[in-house]
Amino acid sequence: MSHSLHTRVRRRLVPVAALLALAPAIAACGGADEAPSTSGTSSSAGGDFPVTVTGDDGELTLDEQPQNIVSMSPTATEMLFTIGAGDQVEAVDDNSNYPEGVPTTELSSFTPNAEAIAGYDPDLVVLSDDINGVVDALDALSIPTLLLGAAEDLEDSYAQIETLGDATGHAAEADEVVAGMQERIADAVDAVADQAEGLTVYHELGPELYSAGSSTFIGSVYSLFGMENIADEAADAAGGYPQLSAEYIVDAQPDLIVLADTICCAQTAATVAERPGFGTLTAVQEGRVLEASDDVASRWGPRIADFAEAVAGIVQG
């Protein structure tokens with residue numbers, strides 16, 4: 001996989017895609033946008049401190065409710081604002097673009113700089129990757145850090161939301177967000193249970209034809225619907241993100257195509273239909289090409305529920 005594609009997918013979101021994970025509907029799909037285990041105790045806004053939470057970098061004890069949070073992860077940014085901790089967020093990285101109006105800075109999540117982050121005087125930094133030893137560098141500056149890496153499945157996503165709820169004093173709100181996501185996703189799956197079962201799906205990460213298999217976060221969403229992922233049979237799984245050939249896709253005849261490259265690469269149902277041989281695909285002929293927002297399909301936050309609803313909508317036709 002090219003470095004540019006891996007970066008586009010992995011950092012905008014998760015390791016290249018990882019589910020799933022997503023505001024009342026996906027941009028190009030006709031929808032609108034909605035705005036590891038934890039320990040310790042915290043109640044709704046304000047919570048009870050000190051509180052201890054657990055991230056990928058181990059346990060973190062916060063003596064007081066953080067009021068100057070720096071989010072270096074677009075997914076964490078969405079989670080923080082959704083659970084009501086937005087007012088506590090002082091700065092976010094240059095890839096955090098949702099919800100509208102987040103305090104975006106020039107802080108790079110690709111090449112994080114501990115000193116630059118420290119310039120915002122954070123009492124909590126949330127990251128999704130430990131690049132260039134940034135976690136140790138922040139620790140050396142005595143800045144509390146919480147590393148929440150790409151979720152492997154929906155349960156990981158829910159756990160991260162709850163972790164952030166505890167860490168910010170919004171545990172009750174986080175529980176409500178998780179419950180709402182679970183209900184919406186379950187309703188979306190139930191709405192098309194008979195129609196979706198057994199459908200084959202091709203998830204496109206880029207026009208280079210990289211895809212995401214069932215072992216990835218986004219792939220786990222399709223599994224909930226009982227769909228069969230054509231990437232699973234690829235010879236080189238590439239960690240769940242194989243590069244397919246046009247011939248492979250045409251031979252697989254997917255019933256559903258999901259484009260997660262509409263923003264980065266201007267791909268649409270029309271451009272797909274124009275590719276050699278793709279006009280014969282079942283998904284193209286039956287109008288089952290979902291033009292998803294790259295961001296929604298690549299992050300593992302609250303909007304994954306919107307993604308599930310969009311998938312159900314395209315199945316219903």
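The values are calculated or read from the model by the stated rules, or taken from the named source; none is laboratory data. Only a predicted model underlies this, so the values are computations on that prediction, with no experimental measurement involved. Virtual Cβ from ideal backbone geometry, glycine too; neighbours counted across all protein chains shown.
Of all residues in region 82-129, which are within 13 Å of Met72 (Cβ to Cβ), in contact with a Pro (Cβ under 9 Å, 6 or more places away or on another chain) and among the acidic types (Asp, Glu)?
Listed by number, the residues that qualify are Glu90, Asp93, Asp129.
Can you tell me how many residues within region 146-174 are surrounded by fewer than 23 Cβ atoms within 10 Å (Cβ to Cβ) and part of a loop (DSSP other than H, G, I, E, B)?
The total comes to 3.
Which residue pairs have Cβ atoms under 9 Å apart, sit 6 or more places apart or on different chains, and have a first residue in region 188-209 that is closer than 12 Å to Ile230 by Cα and a second that is of a type in the set (Asp, Glu) and surrounded by 23 or more Cβ atoms within 10 Å (Cβ to Cβ)?
Glu204/Asp261
For region 130-140, which positions are surrounded by 14 or more Cβ atoms within 10 Å (Cβ to Cβ) and either aliphatic (A, V, I, L, M) or closer than 14 Å to Thr77 by Cβ (or both)?
Ile131, Val134, Val135, Ala137, Leu138
Hey, can you tell me all the residues within region 226-272 that are among the charged types (D, E, K, R) and in contact with a Gly (Cβ under 8 Å, 6 or more places away or on another chain)?
The initial filter retains those residues of region 226-272 that are among the charged types (D, E, K, R), namely 228, 232-233, 236, 247, 251, 255, 261.
Selection gives Glu228, Asp232, Glu247, Asp261.
Tell me which of these Gln267 doesn't satisfy, since it passes every other one: (1) in contact with a helix residue (DSSP H, G or I) (Cβ under 9 Å, 6 or more places away or on another chain); (2) surrounded by 20 or more Cβ atoms within 10 Å (Cβ to Cβ).
Single failed check for Gln267: (1).
Residues to consider are Leu80, Leu60; find the one that is surrounded by 22 or more Cβ atoms within 10 Å (Cβ to Cβ), in the same structural domain as Ala137 (by TED's automatic domain parsing) and at pLDDT 95 or above. Spell out the reasoning first.
Details: Leu60 fails: surrounded by 22 or more Cβ atoms within 10 Å (Cβ to Cβ).
Just one listed residue meets the conditions, Leu80.
Read through the list (1) surrounded by fewer than 24 Cβ atoms within 10 Å (Cβ to Cβ); (2) assigned to a loop (DSSP other than H, G, I, E, B), then give the number of the only condition that Val315 fails.
So the condition that Val315 fails would be (2).
Look at Ser223 and say whether it is in a loop (DSSP other than H, G, I, E, B), out of contact with any Cys (no Cβ under 7 Å at 6 or more places or on another chain) and hydroxyl-bearing (Ser, Thr, Tyr).
Working: in a loop (DSSP other than H, G, I, E, B): no; out of contact with any Cys (no Cβ under 7 Å at 6 or more places or on another chain): yes; hydroxyl-bearing (Ser, Thr, Tyr): yes.
Criteria not met by Ser223.
Name the residue that is farthest from Gln160 (Cα to Cα), counting only residues in region 72-106 that are aliphatic (A, V, I, L, M) and not in a strand (DSSP E or B). Can you show your working first?
Kept after step one, since they are aliphatic (A, V, I, L, M), are these residues of region 72-106: 72, 76, 79-80, 83, 85, 89, 91-92, 102.
Add one more test, that the residue is not in a strand (DSSP E or B), and what stays is 72, 76, 79-80, 83, 85, 102.
Numbers: Met72: 15, Ala76: 8, Met79: 9, Leu80: 10, Ile83: 12, Ala85: 14, Val102: 20 Å.
Applying the filter and picking the extreme gives Val102.
Quick one: which of Val296, Val284 is among the hydrophobic types (A, V, I, L, M, F, W, C), assigned by TED's automatic domain parsing to the domain that holds Gly219 and surrounded by fewer than 23 Cβ atoms within 10 Å (Cβ to Cβ)? Even if it seems obvious, please write down each step before you answer.
Numbers: Val296 fails: surrounded by fewer than 23 Cβ atoms within 10 Å (Cβ to Cβ).
Matching residue, one of Val296, Val284: Val284.
Looking at the structure I just gave you, is Asp48 over 26 Å from Leu154 (Cα atoms) and either touching a Pro at 6+ places or on another chain (Cβ under 6 Å) or not in a loop (DSSP other than H, G, I, E, B) (or both)?
Values: over 26 Å from Leu154 (Cα atoms): yes; either touching a Pro at 6+ places or on another chain (Cβ under 6 Å) or not in a loop (DSSP other than H, G, I, E, B) (or both): no.
No: the conditions fail for Asp48.
Which residue, of Glu183, Glu197, Glu233, is modelled with pLDDT under 95 and surrounded by fewer than 24 Cβ atoms within 10 Å (Cβ to Cβ)? It would help to see each step written out before you state the result.
Numbers: Glu183 fails: modelled with pLDDT under 95; Glu197 fails: modelled with pLDDT under 95.
Matching residue, one of Glu183, Glu197, Glu233: Glu233.
Tally time: how many residues in region 192-219 are farther than 10 Å from Gly240 by Cβ and either hydroxyl-bearing (Ser, Thr, Tyr) or in a strand (DSSP E or B) (or both)?
6
Can you confirm whether Asp121 is modelled with pLDDT of 95 or more and either outside the structural domain of His170 (by TED's automatic domain parsing) or not in a loop (DSSP other than H, G, I, E, B) (or both)?
no
Among Gly213, Gly219, Gly240, which is the only one that is more than 22 Å from Ala312 (Cα to Cα), among the small types (Gly, Ala, Ser) and crowded, with 20+ Cβ neighbours inside 10 Å?
Numbers: Gly213 fails: more than 22 Å from Ala312 (Cα to Cα); Gly219 fails: more than 22 Å from Ala312 (Cα to Cα).
Just one listed residue meets the conditions, Gly240.
Would you point out the residue of region 240-291, among those that are of a type in the set (Ser, Thr, Tyr) and outside any loop (DSSP other than H, G, I, E, B), that is nearest to Ala212 (Cα to Cα)? Even if it seems obvious, please write down each step before you answer.
So the first thing to find is which residues in region 240-291 are of a type in the set (Ser, Thr, Tyr), and the list is 241, 245, 248, 262, 268, 271, 280, 282.
Imposing the further condition that a residue be outside any loop (DSSP other than H, G, I, E, B) reduces the set to 248, 271, 280, 282.
Details: Tyr248: 14, Thr271: 20, Thr280: 22, Thr282: 20 Å.
Among those that are of a type in the set (Ser, Thr, Tyr) and outside any loop (DSSP other than H, G, I, E, B), it is Tyr248.
Conditions: (1) in contact with a Phe, Trp or Tyr (Cβ under 9 Å, 6 or more places away or on another chain); (2) assigned to a strand (DSSP E or B). Ala297 meets all but one. Number of the miss?
Checking Ala297 against (1) in contact with a Phe, Trp or Tyr (Cβ under 9 Å, 6 or more places away or on another chain); (2) assigned to a strand (DSSP E or B), the one that fails is (2).
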